[in-house]
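Data first, discussion second: the structure below is written as structure tokens.
The values are calculated or read from the model by the stated rules, or taken from the named source; none is laboratory data. Predicted model, so just to flag it, every value in this text is computed and none were measured. So basically every Cβ, Gly included, is an ideal-geometry build from the backbone, and we count neighbours across all protein chains shown. Ligands, DNA and RNA are excluded from the accessible area calculation, which covers all protein heavy atoms including side chains. Shrake-Rupley method; radii C 1.70, N 1.55, O 1.52, S 1.80 Å.
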Amino acid sequence: MGFPNGRRRIVVAVTALLATAAVAATVYRVLAPAEVSTPARAGYPQAASPAPGVVGRLPVAPLIVDGRLRIYVAHRQVYADRPVDGRHRTTPYWSYRRWPAALDGVVASGTTVVTRWSDGRLVALDGRTGSLAWQADGPVPVGERTVRRTGAATVWDPRGLLVARAPDGRQVVVATGAQWVRAVDLADGRELWQSHPTVTVPPGDGSDVEAGCQNVVGTTASGQLITVDSCAGPAVVEFRDAVTGTVGLRWRPPGVGDELVATPVGCVTGRTGCTGLRTATPGDDAGRGWLLGAGEPVAAPALDRPDAVLVGGTAVAVVDGVPVGRSARTGAELWRRPGLPQVQLFAAQPDRVHLLTETNDLLTLDPTTGEQRSFFALNAGSDGTGWTPGAVYAADGFVAVERLRKPVDPTGDDQRYYLTSEPVILAAT
């Protein structure tokens, strides 16, 4: 005995409605914006002091935090592992994932890890636990960016995301976009200031004024934001207080044309905490080096070479195949190291300078004296040293480098581009 026709239609309609609701709920759970935080369940690791040499081989690029953790990225995730000198990547110590936004950049200072996402959102995590510290809105990143599977571009060269430390110890996170800049306090994410480029409009409708005419290039060791401003005429370098947003100095190096390229040097990591600057005309390798301080930049001819690095007060360059250290302020030669194999400047960090030989040996020198700190082959297991270096990172006494397959094919897929499935080698120096 069945249902009457009218009741059957009602039952069918209700069943269809319930099925549709169930599908909609499933779709919402899968596709709705979401964030998933998996905090640490183990104790915070101790700082490591490994002997000089290769300590690990990794599939992705590490960002070292507090000398204790390695931070990695995926398309929509940031996560940590430990110990910092572990031979391989291990089960995540903590993890944070957002959807549908993509991860665009990561910076760290002390134990705070700040992430920037494709929707402009800034999310800060406590590196010790992985717990959420704060969230804030920021400008959307400019354009698309190619990031290969190691994620090196995201953690070693984050675009539009910087940290500045003021003289009083306060730290500021600065996020930049095409049309505006926002600065927040690293401690709590509170907004300190925001800036929309001020454009002096010439006679007419202003249609010839280019958007995005302020290019943030780095931060100084004294807590200033370095910006190249070409909004209202020939390019000038601005030095803006990172805490207040106030421009304290507008400076134009002598002898440059209307356009200007400024490259920070002597930075703690990336483009943060920099003590020098190199200026040049676009497309011209010749440039001029400058030391940054309280007043106008001071000429530093020892930094004129495009391959020179600034470590502390020493400018280091390889001159006719010989590493040479000079006083950045006076240009006087402090040391030289003849008789070494052919080397190239590879990386630098505040207390050491790294050079790479033709056979991929890593030589680390004390920048003040030129004395050797360590020397060893960048070889892991049976991989050998027949590779070309890619992106490189140096911090907390460690060096990490991507190993690329010879000959390098920039257009090849990741399998062709990288030497192995674990292309990043990590070494203690």
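Summary of values
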| item | result |
| --- | --- |
| Helix-only [θ]222 nm of the chain, DSSP H runs n ≥ 4, -39500 (n - 2.57) each, per residue, nearest 500 | -2500 deg cm²/dmol |
| Surface accessible to a 1.4 Å probe, per residue, for the residues of the range 213-292, Å² | 39 |
| Protection proxy ranking of 72-79, 311-318 - average other beta-carbon atoms within 10 Å, highest first | 311-318, 72-79 |
| Highest-fluctuation residue, Ala48, Ala300, Ala308 considered, GNM on the chain with Cα pairs under 10 Å | Ala48 |
| Which of Thr411, Trp387, Ala428, positive extreme of dipole for the range 387-429 (C-beta unit charges) | Trp387 |
| Of all accessible heavy-atom area on the chain, the percent that carbon and sulfur account for (1.4 Å) | 52 |
| Options Ala133, Ala175, Thr90, ranked by Cα towards positive dipole end of the range 87-178, top entry (Cβ charges) | Thr90 |
| Mean projection area, nm², convex hull over Cα of the range 63-203 | 10.1 |
| Per residue solvent-accessible surface (Å²) - the range 111-172, probe of 1.4 Å | 40 |
| Accessible area per residue, Å², the range 304-429 with all protein chains present, probe 1.4 Å | 43 |
| Label selected from (1) 63, 49, 42; (2) 104, 67, 43; (3) 56, 56, 45, the criterion being Cα extents along the principal axes in Å as computed here | (2) |
| Dipole of the range 77-155, positive direction: furthest Cα of Val142, Gly110, Ala153, with charges on the beta-carbon | Ala153 |
| Point-charge dipole on Cβ atoms (K/R +1, D/E -1) for the chain, about Cα centre, debye to 20 | 1780 |
| Proximal charge balance of Ala40 [Cβ under 12 Å; K/R count +1, D/E count -1] | +2 |
| Charge sum, other residues only, whose C-beta stays under 14 Å from Gly313's C-beta, Lys/Arg counted +1 and Asp/Glu -1 | -1 |
| Under 12 Å, Cβ to Cβ, from Asp137 - net charge with Lys/Arg +1 and Asp/Glu -1 | +1 |
